[in-house]
Each structure stands twice: as C-alpha cells, then as structure tokens.
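Undergrad: One structure follows; several queries about it will come next.
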Amino acid sequence: MSRPRIAILGLHLEVNAFSPPTTRHDFQQQSWAEGEEITAQARAATSALPAEIPGFYARMDATGEWEPVPLILITAPPGGIMAPGIFPEFLEIIQTGLAAAGRIDGVYVASHGASRAAEEADTDGAVLQLLRDLLGPDVPIVGTLDLHCNVSDRQVELADLLIAYRTNPHVDMRERAAEAADALRRILETGERPETHFIRLPLTPPTVTLLTAEESPYADAIRAGVLAREEDPNLLGVSVTGGFVYTDIAKCGLCVWASARPGHVGAAVDVAERLSNDIWQQRAALSRSLTPIEEAVAAAVAVGTDTALPRLILADVADNPGGGGGGNTTALLAALHAAGARGVVFGVLVDPDLAAAAHAAGQGARIEAVANATPGPFAETFRATAHVRALSDGAGIGRRGTLAGRAFSIGPAALLELEGSGLLLAVGSLRRQLLDPAMLEILGVEVEAARTIVVKSRGHFRAGFDIYATPDRILEVDAPGLVSPVLSRFDFRGLPRPVYPLDAEASWG
Ligand SMILES: [Zn+2]
C-alpha cells in the first residue's frame with residue numbers, strides 16, 4: 001500500500017473511582033484536540049499531547065508515505081470517573097470523523113487504558129467496538145497502552161495488536177508508538193493479522209510495587225518478554241501490565257499477553273503462560289510496607305542537622321495526583337513543620353486559593369498561609385506564617401524523565417518559606433504530580449541545596465529526581481490519601497473477587 005490513510009485517536013485518563021469525577025473542563029485544561037490540530041501539535045517542537053502521538057507521527061514519517069486522518073485525542077490528569085456526556089461525545093466525534101473521512105486503511109489508538117465513564121466501565125473496549133462496527137473486520141487496528149491499564153477480553157479480540165509500555169517510570173512512550181507504527185505498516189504490507197493469547201491474573205498489585213528498574217517479579221516478566229521476542233521472530237509482541245486497581249471494575253488485574261504471526265500462536269501461548277506462572281508464584285513480592293510518618297519525619301530531622309548524611313527523598317505516595325490523589329493532603333507537611341526539620345523542600349501542594357493569596361500579597365510579603373481553608377477528603381486545613389519567596393505562572397518545560405522536553409503547567413504558583421521550620425513549600429493551582437525538578441525550578445528553588453525533598457508522586461519522580469538521591473534514600477511514606485497503596489483501606493465495589501492481595505484465598509492456574 002503506497003500511501004495508507006491511518007486514523008488517529010485516543011483517550012488518556014487514568015480513573016481512580018474514589019476521586020471526584022473528571023469533567024470536560026479537566027480535559028480542556030490539559031488537552032482536547034480534534035482533527036488537523038492533532039497533526040499540527042504532533043509535528044511541533046514541543047506539545048502537550050501524550051508522547052505516543054509525536055512518536056507515532058515521527059516513525060510513520062520516517063518509514064514511507066502515509067496520510068494521517070486525525071480524529072480526536074483527549075487527555076486529563078488522573079482523576080475520578082468521567083462525568084456523564086463526555087464519553088458519548090468522544091464516540092460521536094469518532095463516528096462523525098470516520099463518516100467524513102472516506103477510505104481508512106488502518107487505525108492507531110493511543111489510549112492510556114484505565115479510563116472509565118459514567119455510561120461505560122469498559123470504555124477502551126467500547127471504542128474498539130465502535131471502530132469495528134464502522135470499519136468492519138478487515139481494517140487493522142493497533143494500539144498502545146500505559147502499564148497501568150485495565151484490559152478486557154473484548155479489547156484483545158477487537159484489536160490486531162496492543163502494545164504496552166515497558167518502563168515504569170514511563171520513559172518509552174515514543175519507542176512503543178514507533179513499534180505500533182512498524183506493526184501497522186507490516187500488517188498492511190503482508191496482510192498477516194497477529195494472533196494473541198491473553199491472560200488476566202486475579203492479582204491487583206499496588207502501583208508502588210510495579211517499578212521496572214528494581215528487582216521484582218513484574219520487572220523480571222517484562223524483561224523475559226523482551227528476551228522471548230528477541231529469540232523468536234514469530235513473536236510480534238509481549239506485554240505485561242500491572243493494571244490500575246483504583247479504577248475498581250471487573251477487568252482490573254495484572255495482564256500478560258503475547259501476539260504472534262498467524263500459525264504461530266503456540267509460541268504466544270507458551271510465553272504468556274510462562275510469565276504468568278512466574279508472577280503468580282512470586283506474588284507475595286508484589287506487596288510493599290511503607291514508612292510510617294513518624295519514622296519519615298525523624299529521618300528528615302536527622303538529615304537536616306547532619307550534613308554528612310546523604311540527601312533524602314520522601315514520597316507522599318498516597319496523595320499522588322498522578323493516580324487520582326488531590327495533591328492537597330497536609331499530614332506529612334504538618335508533621336515536618338512541627339518537628340522543625342531543616343532544609344526541606346515540599347511540593348507540589350495543590351491549592352489555587354493559597355496560590356492566589358500569595359500572588360495578591362506579592363513577592364516578599366509575610367502572610368498567614370492557609371492550605372485547604374475548606375477541608376477535603378484526607379485534606380486537612382493547615383496554617384502557618386509564611387514569606388512569599390517567589391511567584392510564577394506555573395508554566396515550564398520538563399527537563400528529566402517522563403516530562404523531558406514536554407510543556408507542563410502547574411497553574412499559578414508560589415514558593416512559601418514557613419516561619420519557624422524554614423520549610424520551602426511549593427504551591428500550585430493545577431493537580432499535577434511533582435515528577436520533574438523543573439517544576440520547582442520555575443519557582444527559583446535550588447533543588448541541589450535541599451536536605452530533604454518531599455514529592456507528591458508515586459514513582460514517576462524517580463526518573464526526574466534520580467540525580468538527587470539514591471534509591472536507598474527514598475522513603476515511601478504511609479500518609480493518608482485517595483491513592484494509598486494500602487488497598488485494605490478502600491471500599492472496592494467492582495473488582496473481581498477474590499483477588500490478591502486483598503483476598504489471601506485468591507487462586508489461579
Ligand atoms: Zn502509568
């Protein structure tokens with residue numbers, strides 16, 4: 001096929017069913033792109049689009065003629081279930097776009113894979129169903145997925161090939177998108193449709209146990225999948241996804257799938273079963289004990305007084321906005337301030353009212369800072385006398401890890417220095433996790449000078465802050481929040497039960 005016409009679409013949202021609903025405004029604030037605007041952004045020097053999209057365009061551009069048919073690409077920060085109306089509108093835009101598009105030779109779906117709508121639990125399956133209904137069985141559909149996706153049997157049946165990221169923190173989106181582009185070209189050239197063997201385990205590991213740079217059954221399985229593919233050219237893909245338990249739906253769970261050339265599905269079955277078995281046997285390793293707040297504070301006090309100790313990072317994992325947390329809990333902040341820990345930089349506390357108050361007072365002002373004037377879930381009111389050290393519109397360009405080279409905004413922001421402890425508190429207005437030092441540097445923070453850095457992030461900060469502390473100096477703190485790794489604290493309604501680690505009796509095999 002000389003100049004294939006490829007439809008492009010995607011829905012990037014990780015749903016935490018315990019968080020407040022995700023609204024249309026949340027998408028519009030981050031990214032809601034339709035039609036040719038997608039192509040323009042994909043080929044621009046920097047864009048707010050998920051990195052898969054520029055990655056897919058670049059690979060397709062480099063490998064021959066093609067014609068993008070961009071339909072719709074929407075992205076919102078991780079949050080609650082999509083409010084009524086958004087998902088039907090998304091589907092309608094796809095339908096209208098395809099009706100007007102004429103011939104379509106292939107489709108690339110760049111979705112996160114853990115969305116959920118008021119109208120539909122299996123949103124990603126419903127998107128693929130619509131595509132098949134409109135395009136028929138012969139048009140190849142290739143997709144990429146985040147490692148924290150929830151995958152239904154229907155998705156696997158309807159798509160030709162689904163490719164998940166391999167890295168957590170996620171730094172391989174462009175590579176996986178390039179793989180999707182190559183797979184699509186291959187299917188169009190050979191006419192060979194991949195065959196997939198798919199396994200979902202009754203296993204919902206907390207996300208803190210799914211880092212791929214550490215030794216863990218999960219990281220081992222991903223590496224084994226890569227190795228299997230290198231050894232057998234008939235294997236076209238091996239994916240191992242940890243799932244996102246907080247979406248709280250029937251398809252939650254750790255998934256393993258392998259795809260092979262037609263006639264070679266046996267190889268896919270072998271590798272998927274082998275990796276699933278290995279993970280299941282070692283499932284006890286997919287749990288993690290967190291550091292109690294008192295211990296974390298003691299460590300911060302120690303490192304603040306003894307400069308011979310290497311720098312410390314405290315991860316406020318339970319309030320990670322990247323998993324649907326509010327970014328506004330203050331339990332750890334209050335404890336550090338009360339203990340007078342020195343050299344602490346804390347970010348990013350999400351409080352638009354406090355940021356606005358700092359902007360109104362002006363740089364250099366001394367203010368009575370109030371965070372969470374109206375308390376929210378797990379977000380208690382915190383008061384301190386503070387000096388406004390810096391103000392910013394909150395916009396910047398990421399410089400390390402998952403955000404490198406991409407535009408970000410934390411909204412109107414301020415750096416407050418708390419009287420008494422000297423703690424530097426970065427306040428933002430948009431719910432974003434602190435995963436790149438640039439998010440502090442836009443406020444003039446010298447990250448290097450900090451003794452303790454507190455990040456409201458679950459794991460992605462590791463790719464951005466790796467230059468400031470070694471993994472043994474990173475403590476995951478057991479503070480309260482909407483995305484606590486302690487799963488027994490949640491009232492799950494939709495998970496398949498029994499499921500490990502919530503139900504010790506869960507069985508498989
Ligand atoms: Zn993820």
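Each value in this text was obtained by applying a stated rule to the coordinates, not by laboratory testing. Note that the structure is predicted; figures quoted are calculated from it, not measured. Please note: Cβ atoms are built from the backbone with ideal geometry, for glycine as well, and neighbour counts cover all protein chains shown.
Undergrad: Tell me the angle of helix 86-101 to the major Cα principal axis of the chain, expressed in degrees between 0 and 90 and rounded to the nearest ten.
TA: 40
Undergrad: Apply the Karplus curve 6.51 cos²θ - 1.76 cosθ + 1.60, θ = phi - 60°, to the phi angles in the range 416-433 and return the couplings in whole Hz, x for Gly and Pro.
TA: After applying 6.51 cos²θ - 1.76 cosθ + 1.60, I find 10, 9, 7, 5, x, 8, x, 4, 8, 10, 8, 10, x, 10, 9, 6, 10, 7 Hz.
Undergrad: Which whole-Hz ³J(HN,Hα) couplings does the range 155-162 yield from phi under the Karplus relation 6.51 cos²θ - 1.76 cosθ + 1.60, θ = phi - 60°, glycine and proline marked x?
TA: Taking θ as phi minus 60°, the curve returns 4, 5, 5, 8, 8, 6, 7, 10 Hz for the range 155-162.
Undergrad: What value, in deg cm²/dmol to 500, does the helix sum -39500 (n - 2.57) over DSSP H runs of n ≥ 4 give at 222 nm once divided by the residues of the chain? Provide the component values of the computation, followed by the final result.
TA: On the way: 14 runs with 150 residues, N = 509.
Result for the chain, helices only: -9000 deg cm²/dmol.
Undergrad: Around Gly35, which amide H atoms from residues at least 5 apart in sequence, or from another chain, sit under 5 Å from its own amide H, with H modelled in the peptide plane?
TA: Here Leu71, Ile72 satisfy the definition.
Undergrad: Once amide H atoms are built 1.01 Å from N in the peptide plane, which residues 5 or more positions from His12, or in another chain, come under 5 Å H to H?
TA: Ile74, Thr75, Ala76, His112
Undergrad: Pairs of alpha-carbon atoms within less than 8 angstrom and 6+ residues apart define the contacts here; what relative contact order does the range 248-365 have, in percent? Write out the running numbers ahead of the final one.
TA: Values: 61 pairs, mean separation 22.5, N = 118.
Dividing the mean separation by the residue count of the range 248-365 yields 19 percent.
Undergrad: Shifting gears a bit: Suppose every Lys and Arg Cβ carries +1 and every Asp and Glu Cβ carries -1, with no other charges. What dipole size does the chain come out with about its Cα centre, to the nearest 20 debye? It would help to have the intermediate numbers written out before the result.
TA: Numbers: 41 positive and 62 negative charges, 104 e Å.
Using only the charged Cβ atoms, the result is roughly 500 debye.
Undergrad: Another question about this same structure. What FRET efficiency do you get for Gln29 and Glu419 if R0 is 25 Å and r is their Cβ-Cβ distance, rounded to the nearest 0.05?
TA: 0.15
Undergrad: Just rank Ile279, Ile249, fewest to most, by other beta-carbon atoms within 10 angstrom.
TA: On the way: Ile279 26, Ile249 22.
Ranked by crowding around the Cβ, least crowded first: Ile249, Ile279.
Undergrad: For a quick check: sort Trp280, Trp32, Trp257 by the number of other beta carbons within 10 angstrom, fewest at the front.
TA: Working: Trp280 21, Trp32 18, Trp257 26.
In increasing order of surrounding Cβ atoms, one gets Trp32, Trp280, Trp257.
Undergrad: Let me ask something else. Using mean Cβ contacts within 10 Å as the protection proxy, how do 73-81, 49-57 order, highest first? Intermediate results must be reported in sequence, preceding the final value.
TA: Details: 73-81: 23.9, 49-57: 25.6.
Packing order, densest peptide first, comes out as 49-57, 73-81.
Undergrad: A further question follows. Within 10 Å of each residue's Cβ, count the other Cβ atoms and sort Arg223, Arg103, Arg229, Arg473 from fewest upward. Show your work: numbers first, answer last.
TA: Values: Arg223 13, Arg103 9, Arg229 19, Arg473 16.
Listed from fewest to most nearby Cβ atoms, that is Arg103, Arg223, Arg473, Arg229.
Undergrad: Average the reciprocal distances over every distinct pair of alpha-carbons in the range 293-484, invert the result, and give the Kirkwood radius in Å. Please list the in-between numbers first.
TA: Working: mean 1/r = 0.0625 Å⁻¹.
Here the Kirkwood hydrodynamic radius works out to 16.0 Å.
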